Amino acid sequence: MTNNKSQQANPQNPEKLSELKYTGVKNTTGGIPALTASIADVLKEGIPLRGTTALFAMNQKGGFDCPSCAWPDPDDDRSPLGEYCENGVKALAEEATTKKVTPAFFAENAVYDLAKLTDFEIGKKGRLTEPMYLPAGATHYQPISWDDAFKKIAGHLNALPSPNEAIFYTSGRTSNETAFLYQLFAKEFGTNNMPDCSNMCHETSGTALLPTIGIGKGTVTLDDFYDTDVIVIIGHNPGTNAPRMMSALEKGKKNGAKIIAINPLPEAGLMGFKNPQEFNGILGKGIQLADLYLPVKINGDMALLKAIELLLIESEKQFPGEVFDAEFIEKSTTGIEAFLGQFKNYDLDTLANQAGVSVDDLREAAAMLSFKKSIIFCWGMGLTQQPNGVDMIREILNILLLKGSIGKPGAGLCPVRGHSNVQGNRTVLINEKPTNAQLDRLKAVFGFEPPRKHGYDVVNSIKAMHAGKAKVFFAMGGNFLSATPDTVYTAEALRKLDLTVHVSTKLNRSHLIHGREALILPTLSRSDKDIVNGEVQFISTENSMGVVQSSKGVLQPVSEHLINETSIVCRMAMATLGSRSVIDWNRYMYSYDAVRDVIEKSIPGFENYNQRVREKAGFYLPNAARQGKFITEKYKDRAPFTLTNVPQNILANDEYYMATTRTHDQFNTTIYGLEDRYRGIKGERRVVLMNKKDIDAAGFKAGDKVDLFNYDDGMERIARLFVIVAYPVPERNTVTYFPETNVLLSINNVVGESNMPAAKFIKIKIKAHVS
Ligand SMILES: Nc1nc2c(c(=O)[nH]1)N[C@H]1C(S)=C(S)[C@@H](COP(=O)(O)OP(=O)(O)OC[C@H]3O[C@@H](n4cnc5c(=O)[nH]c(N)nc54)[C@H](O)[C@@H]3O)O[C@H]1N2
Ligand SMILES: Nc1nc2c(c(=O)[nH]1)N[C@H]1C(S)=C(S)[C@@H](COP(=O)(O)OP(=O)(O)OC[C@H]3O[C@@H](n4cnc5c(=O)[nH]c(N)nc54)[C@H](O)[C@@H]3O)O[C@H]1N2
Ligand SMILES: [Mo]
């Protein structure tokens, strides 16, 4: 069976609607609905026993790390009711399912036909069970032995004229141990082409912070939330994307903290919370979370932050010495004069207008901060995926520097990471831009010369594939096609390759949009028992706050053919490098302890790794900024105030800004269901949230079917068949769900400096649907 070009698989979700029910925005999260939703998910996958066994082990000491988000577990007291949340349970149900995608399934279903399904339908097919191979021109995947699969990969890699024609992607689920070996293999093979999901996620945060505070990570710990004055949550939706953060916010509030929420959407998780792990929370009224909600316009955050600074400067003039921390500024910062000097060019009314927030609300926000010294700023994709995200995060730092509110308890920066081990992957050198110091250490430990030339990030990988400069794409997890921007362009890029390889737990669209040949390599998930030499092993991960901890799966793998990710890397390395290699891959394949020993030698901060990772709650990696030491290349032991600009956002009459977000019922491209419960949107993902005034002005009605267009780079991009929902978003702002609208995001629409896709800032036009 061969494939002709006109029969190309659909890189997008099919244009079909289900049944939208809109019941209005909620104002609390958690409580009974969250509990019942999570139990329902375990039952739906037909896994009550597997599910509950696993649930009791999730996030417990000695158990496994939840495969969902990167929010930390409490250092001591963990809830006996379970340290998990509704969305952690859904993530687990998705992995623990006993449904299987077997060779028989692939024999029955052509790639072309599978691509007619929605991502939701594809994901529900179950766990992958055996390695599969798609020969050139074939219509169906067929089984292949592990040995033959590695031979194919080795053959392709070794045939490349340059190692830089291979690209090795990582999604942030991979353990520290696998990730370290994976980057080691890529480097010994000869390339730094290691794009990862960070390049779409918190690269912006790292880019903003590394040169300014000396570390590209946050500075707070969980305990800081319990004793602080003010927590600002900007561009993040904790109720859905880090639900266990809600317990920390609740505890902080009980201890007297105030919360300011800055978001174009009045997200339920910012407004109120009923703790499903406490009886009062399950049954009671719950607590109000945000003391102040600022409905900022999309990308209005810079104006908002500058307005707050302007007002803080005013109050410092009125109450000298009481608002700013003069001693801290003098001792630990640089550039205050230029920073203060710029404000002669700003006025409050203009900034308020640009932010879309009233002057009164801005004054209230500034008043909440003026006389407080312990402030935590949390942020997520609402900032990092904006074109000026790097600048905005540095502006947040400016505020904390003014207040001396960093490097001490109860205060600091909290980028809320995404994937459960995305931060750990970076720590163990999954990075397309390794530093010379990092490479020197690897060279000293292993004795080979690692490549120095920086590699491709995600956006540059896609461009390189499209330009024919790369020929082999290997993905350690993830769903590259669907997660990345400009879907049609990216699909073209992937189709130009000689070989695409995906190490995966579940079927996804990236398996269906492939190179001339393709491989799917199935692997264990976090909750599966990883048995090596007859014993269940543990791996380790790092959470959002720099704690490294062990994780040990408890479930029987769904198929005897699954091998762990570490074996996949080691066997690929042995097949590809053979006697060229100076690394003992065979040893690492059989001993995670041996891998941890070399991580310890190669990366500072992992002293006594094997011993400390076995301690109850793991260990903290060093973080000098947390102690108020800002060790940067350029400014030595001071953190700089950064001068930034407010963007001038101008729209034509028929244009809107669009932010793409997650629903409450998905993990990135894995769609758990169709219920965005907290937003009251059920049964449909193809929606566009619009302000009522905009709907009227454009002559539409709520419920109308529309097509969405983007015209960046002088070309037309179309996402067809969406339904209008009248929603409390700022005027001329719209919100849709990813990945359905990634097709509208130009590959060139990126964040300055971090080169991340600007997925929260897409200019669109909306027209009546034509079928
Ligand atoms: N259940 C679940 N958990 C997850 C994930 C998941 O998909 N499902 N994904 C994981 C990953 S990888 C990540 S990175 C995180 C993502 O977690 P979040 O950062 O919360 O991600 P998003 O849902 O994309 O959007 C965040 C918020 O940004 C707001 N926003 C949009 N534009 C702007 C703006 O211009 N300014 C401001 N201030 N806000 C804006 C949106 O309204 C939304 O509330 O969650 C992680 N956890
Ligand atoms: N428009 C728009 N685009 C976005 C975003 C956005 O907000 N808007 N967010 C971006 C962000 S923050 C991120 S992090 C990326 C996410 O990008 P990715 O990390 O590439 O995507 P995921 O959807 O998390 O990957 C899901 C797949 O991972 C595989 N998988 C799950 N668990 C495991 C495992 O344990 N091992 C292995 N090997 N595979 C596993 C499964 O096969 C599953 O289908 O998307 C980005 N794309
Ligand atoms: Mo992410």
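Results, tabulated for the structure shown:
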{"item": "Within the range 718-749, tally of residues that are within 16 Å of ligand 2 (Cβ to nearest atom), over 19 Å from the mean Cα position of the chain (by Cα), crowded, with 22+ Cβ neighbours inside 10 Å and not hydrophobic (A, V, I, L, M, F, W, C)", "result": "2"}
{"item": "Among (1) more than 16 Å from ligand 3 (Cβ to nearest atom); (2) buried (at least 24 other Cβ atoms within 10 Å of the Cβ); (3) among the small types (Gly, Ala, Ser) - the single one Ala483 does not satisfy", "result": "(1)"}
{"item": "Tally, over the range 749-771, of residues that are away from ligand 3 (no atom under 15 Å from the Cβ), under 18 Å from His202 (Cα atoms) and not aromatic (Phe, Trp, Tyr)", "result": "5"}
{"item": "Odd one out for Gln386, checked against (1) within 16 Å of ligand 2 (Cβ to nearest atom); (2) touching a strand residue (DSSP E or B) at 6+ places or on another chain (Cβ under 8 Å)", "result": "(2)"}
{"item": "Subset of the range 592-620 (residues that are within 29 Å of Val582 (Cα to Cα) and either touching a Pro at 6+ places or on another chain (Cβ under 8 Å) or of a type in the set (A, V, I, L, M) (or both))", "result": "Ala594, Val595, Val598, Ile599, Ile603, Pro604, Gly605, Val613"}
{"item": "Meets criteria (in contact with a Gly (Cβ under 9 Å, 6 or more places away or on another chain), in contact (Cβ under 8 Å) with a residue 40 or more places away in the chain and within 16 Å of ligand 1 (Cβ to nearest atom)) for Gly478", "result": "yes"}
{"item": "From Thr505, Thr435, residue being under 22 Å from the mean Cα position of the chain (by Cα), at pLDDT 95 or above and of a type in the set (Val, Ile, Thr)", "result": "Thr505"}
{"item": "Residue match in the range 165-172 (condition: within 16 Å of ligand 1 (Cβ to nearest atom), crowded, with 24+ Cβ neighbours inside 10 Å and modelled with pLDDT under 95)", "result": "yes"}
{"item": "Residue list for the range 378-397, filter: away from ligand 3 (no atom under 16 Å from the Cβ) and touching an Asp or Glu at 6+ places or on another chain (Cβ under 7 Å)", "result": "Val390, Met392"}
{"item": "Pairs with Cβ under 6 Å, 6+ apart, first in the range 107-130 and at positive phi, second away from ligand 1 (no atom under 16 Å from the Cβ)", "result": "Gly126/Thr97; Gly126/Lys99; Gly126/Lys100; Gly126/Val101"}
{"item": "Residue check, Pro195 within 16 Å of ligand 3 (Cβ to nearest atom) and assigned by TED's automatic domain parsing to the domain that holds Phe473", "result": "yes"}
{"item": "Residue tally, condition away from ligand 3 (no atom under 16 Å from the Cβ) and buried (at least 24 other Cβ atoms within 10 Å of the Cβ), over the range 406-426", "result": "4"}
{"item": "Matching residues, the range 618-652, being β-branched (Val, Ile, Thr) and part of a strand (DSSP E or B)", "result": "Thr632"}
{"item": "Residue within the range 749-759 that is of a type in the set (Gly, Ala, Ser) and under 22 Å from Asn508 (Cα atoms) present", "result": "yes"}
{"item": "Failed item, numbered, when Lys760 is tested on (1) out of contact with any helix residue (DSSP H, G or I) (no Cβ under 8 Å at 6 or more places or on another chain); (2) buried (at least 24 other Cβ atoms within 10 Å of the Cβ); (3) among the basic types (Lys, Arg)", "result": "(1)"}
{"item": "Among the residues listed as Glu121, Glu130, Glu177, the single one being in a helix (DSSP H, G or I) and either within 16 Å of ligand 3 (Cβ to nearest atom) or touching a helix residue (DSSP H, G or I) at 6+ places or on another chain (Cβ under 7 Å) (or both)", "result": "Glu177"}
{"item": "Single residue of the range 19-34 satisfying the filter (assigned to a helix (DSSP H, G or I) and surrounded by fewer than 19 Cβ atoms within 10 Å (Cβ to Cβ)) that is modelled with the highest pLDDT", "result": "Pro33"}
{"item": "Test: residue in the range 354-375 that is more than 16 Å from ligand 1 (Cβ to nearest atom), buried (at least 24 other Cβ atoms within 10 Å of the Cβ) and either of a type in the set (Val, Ile, Thr) or without any contact (Cβ under 8 Å) to a residue 40 or more places away in the chain (or both)", "result": "yes"}
{"item": "Whichever residue in the range 212-247 is of a type in the set (S, T, N, Q) and either farther than 29 Å from Asp665 by Cα or assigned to a loop (DSSP other than H, G, I, E, B) (or both) and, among such residues, is nearest to ligand 1 (Cβ to nearest atom)", "result": "Asn237"}
{"item": "Test: residue in the range 326-336 that is at pLDDT 95 or above, within 16 Å of ligand 1 (Cβ to nearest atom) and not in a helix (DSSP H, G or I)", "result": "no"}
{"item": "Filtered residues of the range 653-677 (kept if in a loop (DSSP other than H, G, I, E, B), of a type outside the set (Val, Ile, Thr) and more than 10 Å from ligand 2 (Cβ to nearest atom))", "result": "Asn653, Asp654, His664, Asp665, Tyr672, Gly673, Leu674"}
{"item": "Scan of the range 174-189 for residues that are within 13 Å of ligand 2 (Cβ to nearest atom) and either surrounded by fewer than 24 Cβ atoms within 10 Å (Cβ to Cβ) or among the β-branched types (Val, Ile, Thr) (or both), ordered by number", "result": "Thr174, Thr178"}
{"item": "When residues of the range 260-293 are limited to those that are modelled with pLDDT of 95 or more and near ligand 1 (Cβ under 10 Å from one of its atoms), the one nearest to Tyr727 (Cα to Cα)", "result": "Leu265"}
{"item": "Residues being within 29 Å of the chain's Cα centre (by Cα) and either assigned by TED's automatic domain parsing to the domain that holds Thr734 or assigned to a loop (DSSP other than H, G, I, E, B) (or both) - total across the range 299-325", "result": "2"}
{"item": "Asn710 within 11 Å of ligand 2 (Cβ to nearest atom), crowded, with 20+ Cβ neighbours inside 10 Å and either modelled with pLDDT of 95 or more or among the acidic types (Asp, Glu) (or both)", "result": "no"}
{"item": "Matching residues, the range 190-211, being surrounded by fewer than 24 Cβ atoms within 10 Å (Cβ to Cβ), more than 16 Å from ligand 2 (Cβ to nearest atom) and not in a loop (DSSP other than H, G, I, E, B)", "result": "Leu210, Pro211"}
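The values are calculated or read from the model by the stated rules, or taken from the named source; none is laboratory data. Quantities reported herein were computed from a predicted structural model and do not represent experimental measurements. No Cβ is skipped: glycine too gets one built from the backbone with ideal geometry, and neighbour counts run over all protein chains shown.
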